[in-house]
Amino acid sequence: MNARRRTVLTAGAAALVTGCGSSGDGDSDGSTAPASASETGKTPETPKASGTSAGELTRTSDVPVGGGTIFKDRKIVVTQPEAGEFKAFSAVCTHAGCIVASVSDGTINCACHGSKFSITDAAVEAGPATRPLPPEQITVEGDSIRLG
Ligand code: FES
């Protein structure tokens, strides 16, 4: 039984090989490949939060009172120490350059070696970092927070 099936498959493969024809269009050197194709595959950083517009970093409602939100791709942490009071700092830890990992209990926390910075002024609350996170400029307009 097996021998008979093998014979049939072999015959089919031979038929496929002979089915290849030449079209005459395959002789170009390939220099006309579209250069823009690679650009269309890239997706720019798109804000995930719904409702944010171009140039907007985030919305005030996305930054918890007494806490903060880290924007890793922008290397910025925005905090709201008191309701309606927004601060922004570099999210790059001054100890060894990690991006800070979380905001909790009034501090911005770096997971690399455990440094903690105040959400109010980014002062060092716990080492090994010795310098505060540098401030960043933000503008709050209504419920929109933008850089600069
Ligand atoms: Fe942040 Fe070391 S890099 S604690």
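The values are calculated or read from the model by the stated rules, or taken from the named source; none is laboratory data. In this text the structure is predicted, and so the values were computed from the model without any measurement. All Cβ positions, glycine included, derive from the backbone under ideal geometry; neighbour counts span all protein chains shown.
One table, with the values for the structure above:
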item: Residue that is nearest to Gly114 (Cα to Cα) [pool: residues in segment 60-75 that are β-branched (Val, Ile, Thr) and more than 16 Å from the ligand (Cβ to nearest atom)]; result: Thr69
item: Hits in segment 58-68 - residues which are among the polar types (S, T, N, Q) and crowded, with 18+ Cβ neighbours inside 10 Å; result: Thr58
item: Scope segment 76-101; condition among the hydrophobic types (A, V, I, L, M, F, W, C) and over 19 Å from Gly114 (Cα atoms); matching residues; result: Val78, Ala83, Phe86, Ala88
item: Residue identified as modelled with pLDDT under 65 and under 21 Å from Leu147 (Cα atoms) among Thr46, Thr120; result: Thr46
item: Residue, nearest to the ligand (Cβ to nearest atom), within segment 125-148, restricted to residues that are over 18 Å from Pro64 (Cα atoms) and free of Cβ contacts under 8 Å to residues at least 24 places away in the same chain; result: Ala126
item: One residue from Thr130, Thr69, Thr94, Thr60 being touching a helix residue (DSSP H, G or I) at 6+ places or on another chain (Cβ under 9 Å) and among the hydroxyl-bearing types (Ser, Thr, Tyr); result: Thr69
item: When residues of segment 77-114 are limited to those that are surrounded by 16 or more Cβ atoms within 10 Å (Cβ to Cβ), away from the ligand (no atom under 16 Å from the Cβ) and among the hydrophobic types (A, V, I, L, M, F, W, C), the one farthest from the chain's Cα centre (by Cα); result: Phe86
item: Filter result for Thr120 (farther than 13 Å from Leu57 by Cα, away from the ligand (no atom under 15 Å from the Cβ) and among the polar types (S, T, N, Q)); result: yes
item: Cβ-Cβ under 6 Å pairs, at least 6 apart or on other chains, segment 65-83 side without any contact (Cβ under 8 Å) to a residue 40 or more places away in the chain, far side surrounded by fewer than 22 Cβ atoms within 10 Å (Cβ to Cβ) and of a type in the set (Ser, Thr, Tyr); result: Pro81/Thr120
item: Count of residues meeting criterion [surrounded by 13 or more Cβ atoms within 10 Å (Cβ to Cβ) and among the charged types (D, E, K, R)] in segment 132-148; result: 2
